[in-house]
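Bear in mind these aren't lab numbers, they're just calculated from the coordinates by the rules spelled out. Fair warning: this is a prediction, and the values are worked out from it, not measured in the lab. Neighbour counts run over all protein chains shown; Cβ positions are idealised from the backbone, glycine included.
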Amino acid sequence: MSAQRLSEWWPLALAFVGFVLLPALDLLPTELLRLLASIGTTAISVMGLNLLLGYTGQVSLGQAAFVMVGAYTSAILARETGLSFWLSMPLAGLAAGLVGLLFGLPSLRVRGFYLAMATLAAQFIIPWVIKAPEKLATLVGWLTLGLVHPTWDSTLTGGATGLQVPAPVLFGSTLDSTRAEYLTVLAVVVVAFLFQRNVVRTRTGRALVAIRDNERAAEVLGIHPYTYKLQAFFLCALYAGIAGALQAHFRRSISPDAFTLASSIEQLGMLVVGGAGYLAGPLFGVSLFRLMQDIIVRVTPTLREIVPRLLPFVAQTDVDTSFRPLIFGLTLMLFLIYQPLGMAHGVRQLAARWRARVPSR
Amino acid sequence: MAECVVLGKPCFLLAQWLMTGVMVGSIYSLVALGLVLIVKASGIFNFAHGYLMLLGSLFCVTIFQALGEQNLWLALLVTALLMVAVGFLIERAVMRPLLGQPLLTTIMMTLALTQLMQGLITLFWGVSAIPLNIFVYGPGDMDPATGAALTGLPLKPLILESKSWLGGNIIIKQQFVLSFLVSAGLVLLFTLFFRYSRTGLVMRAVAENPRLAQAVGLRVYFTLGLAWAIAALLGAAAGIVQSGGSGVDGNTIPLLALRAFPAVLLGGLESIPGAILGGIIIGVVEVMVTGLVDSTTGQEFAPFLVLILVLLIRPQGLFGQREVERI
């Protein structure tokens, strides 16, 4: 009996020692902490996608754009009003969620992949607005026949060059070390994870799953698909916004060119490979791809020597830029064909097999 | 005679933009046709079409250069054969294992394909734009000023006399006229092919229900492979027509394909005439907005605003069928 109780809490204790105690005592190398912090930040955004794709069955191609909304909202609030990071981060999430609703409203009425199309539009329109808000102001002026004349201009958003962002401050001390970044990200990841888990367990969560599995049947059961899909999409963008705020304040600078369609696709791929519709899916997927990217960066000098020798027409400089999308695309394809339910599903199968094993005596 | 001015711009400029827009739009129509074809045959929306365009034009450039820039027709023929092979390969290796999987999986697969193809193309051809000399008249064409071999387009702009009634002459780059003619010809060819051949019908049957189609003896796999091959051909054609003027640019061509998505949705997902009209409308919108405001607004904002409006007002598109569901 006590052995079973023990087996339930030892993973948690181990995780606490590994992820909190060791970093807090400064016993882990900075490089590792930086990697973990980057995994955590991306994982928050991918958790949002998980609520949308994994639990509701809708595709968003604009997650990076919503991360961008969060990053810029938090940065601008901190720069213009001096608002504390701890307030601007939730506000950034809220702003991203509202912008998300704006794009979700027209497309979630119709079924199929129309949300993918609307979010593709978001992925172009949002950076366009942030790079040159004055153009949007002109447009608003035209559309309201000159009644409204907004005075937005690119001093607010930094235009094409981007913004410098102040580091978060906690009880008078500036959090600008990698360790502080790691611990903050870890705290937000834990909250985001628990929230995701609770949403999935509520009535809303079950409604989302019902919509994913069969929208018609869900409707017959009295679930209003439009409302619930909107809720899921709002949460998805909200998670993106929070990830964006973390990214902006700890990287200390943001540039409008960092939030690309490729990044949105990458997040989708991370989710699918990790296991969409599994709570742990985002963590698995993001960890796998971040580790692979880290390895690619490490072996690039070797690849630069080897690849052009094997294929004489390849230029050395192209080796650097080509391997990341190449490996990403290949991994995602292999998973889609051989393990479409993702790593989390595979792990669960292994665990089940382990539990069902014949005890050897 | 009074100056003709609308929206603060002289009329001849507006007319010029309108005509250029139609011609640019013809390229979008060609891209949209390739997208609609895959939707019709397999219900898959192919996000990787832009990379098929890029691959086709890169094949063409490489073969053309390998042949000493002498024989364009041979280069085009070899490119076409290669693209057919690529189309069948994609269907066999990538899409066939997913037959019967949900829509989301197939969308993810075409997205994965974009990344894989981007990586491969970067590895083999690099990231900088490659000039494509196909419109140079013949070997030995020199730039009169520098004596260097011409890499750009030596075609003279076309001037339409309209000074008397629009207040200025309409000037149109001939490369646009050429791409318009090529696009229009190909669009016509494929529209006729689908209307008057059995293949179009078989493709619809396969899209509707692959298993049923197989049961009545249709060659499902071959038909799907054929659809991908034709889409790859159409993509290559659009890519070559586009880059004949400006060179093959790995950054702009996939973006161009993304701007054809609003065209497809505007026309109606499964409608060939819709794709053609949608492409032309998007082209006109893009060029007009580019003229009136600037090019980022025309290319990154306006087409996608159209997309949002379509979703808001008429999600099935101009010629699309409202989805009827039987439970």
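Shape analysis of the range B:216-266 yields a ratio of the Cα radius of gyration to the Kirkwood radius, Rg/Rh, of 1.14.
Which number comes out as Rg/Rh for the range A:156-306 once both Rg and the Kirkwood Rh are worked out on C-alpha atoms?
In the range A:156-306, Rg relative to Rh is 1.05.
P(r) for the protein assembly as shown, from all Cα pairs and a bin width of 10 Å, is 3, 13, 23, 26, 19, 11, 4, 1, 0, 0, 0 %, short bins first. Kyte-Doolittle cut-off 1.0, length cut-off 24 Å along the helix's own axis using Cα: show which whole DSSP H helices in chain A pass. Correct list, ordered by number: A:30-49, A:85-107, A:114-131, A:178-201.
Around B:Met23, with a cut-off of 14 angstrom between Cβ atoms, what is the net charge of the other residues, counting Lys and Arg +1 and Asp and Glu -1?
Charge balance near B:Met23 sits at 0.
Its Cα gyration tensor gives chain A an equivalent ellipsoid; the semi-axes, largest first and in whole Å, are 33, 28, 24. Quick one: how many lysine pairs in the protein assembly as shown have C-alpha atoms under 23 angstrom apart, if they're 8 or more apart or on different chains? Lysine pairs meeting the criterion: 5. Contact order, relative form, for the range A:13-261: 40 percent (alpha carbon pairs under 8 Å, 6 or more residues apart, mean separation divided by residue count). Each residue, A:Glu305 and B:Val177, gets one label point 7 Å from its Cα in the Cβ direction; the gap between the two is 5.8 nm.
Once the range A:34-106 is represented by equal point scatterers at the alpha-carbon sites, with solvent omitted, what log10 I(q)/I(0) does the Debye formula produce at q = 0.28 Å⁻¹? Values, matching the q order: -1.27. Computed over chain A with a Gaussian network model linking Cα atoms closer than 10 Å, the most mobile of A:Leu147, A:Leu61, A:Leu33 is A:Leu147. Calculated on the alpha-carbon coordinates, the convex hull of the range A:171-229 measures out at 115 cubic angstrom per residue. Please compute the modelled spin-label separation between B:Gln65 and B:Phe222, points set 7 Å along Cα→Cβ, answer in nm with one decimal. My value for the distance between the label points is 3.9 nm. For A:Leu170, the residues whose modelled amide H falls within less than 5 Å of its own, excluding neighbours fewer than 5 places apart on the same chain, are A:Leu175. Extension gain, A:Leu170 to A:Trp10: 0.36 nm times the residue separation minus the Cα-Cα distance gives 54.4 nm. When the Debye formula is applied to the Cα atoms of the range A:241-361, each taken as the same point scatterer, what base-10 log of I(q)/I(0) results at q = 0.15, 0.17, 0.23 Å⁻¹? The Cα Debye sum returns log10 ratios of -0.86, -1.00, -1.27. Using alpha carbons only, the radius of gyration of the range B:179-323 set against its Kirkwood radius gives Rg/Rh = 1.01.
GNM on chain A, alpha-carbon springs under 10 angstrom: the most fluctuating residue among A:Val59, A:Val314, A:Val189 is A:Val314. Projected onto planes of every orientation and averaged, the convex hull of the alpha-carbon atoms in the range A:82-143 covers 5.8 nm². With a simple spin-label model that places each label point 7 Å from the Cα along the Cα-to-Cβ direction, the separation between A:His224 and A:Leu291 comes to 4.5 nm. Neighbour counting of Cβ atoms within 10 Å sorts the residues A:Trp128, B:Trp228, B:Trp73, A:Trp152, fewest neighbours leading, into B:Trp73, A:Trp152, A:Trp128, B:Trp228. The length gained by stretching the chain between A:Val347 and A:Val190 to full extension, at 0.36 nm per residue less their Cα-Cα distance, is 54.4 nm.
Of the residues A:Ala75, A:Ala132, A:Ala43, the one that moves most in a GNM of chain A with alpha-carbon contacts below 10 Å is A:Ala132.
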